[in-house]
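All of the numbers you see were taken from the coordinates with simple rules; none came from a lab. Fair warning: this is a prediction, and the values are worked out from it, not measured in the lab. Cβ atoms come from the backbone with ideal geometry, glycine included; neighbour counts cover every protein chain shown.
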């Protein structure tokens, strides 16, 4: 018991004698609700709204967008087709939709031209080829 008292006494003295530190460390993680974008949002920060045609029908089961980035709620090992020509990182400079309620695809994805597979969290791989 004496040993514990001795250790506590030394620790207390060191706390009062130690020089004051002005270093400050802080961390912040803020993942709020997913942005409301009519045709989904990009899977990388700042998670802007993606234009119609970026995501294919596999991202909208029963008309609901799976999500992307920290809000992704798709099934495990999911990968869905995207058209990376509509990605600003690949030079897309066209219009972007404003935030608003999810909308039905104008042509029910009949004009969709997917050329990449993504998992909703930024991982990319080539599209799967079909036997056509």
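Structure above, values below:
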{"item": "Chain lengthening between residue 78 and residue 128 when straightened (0.36 nm per residue, less Cα-Cα)", "result": "16.7 nm"}
{"item": "Relative packing of peptides 77-89, 116-128 - highest average C-beta neighbours within 10 Å first", "result": "77-89, 116-128"}
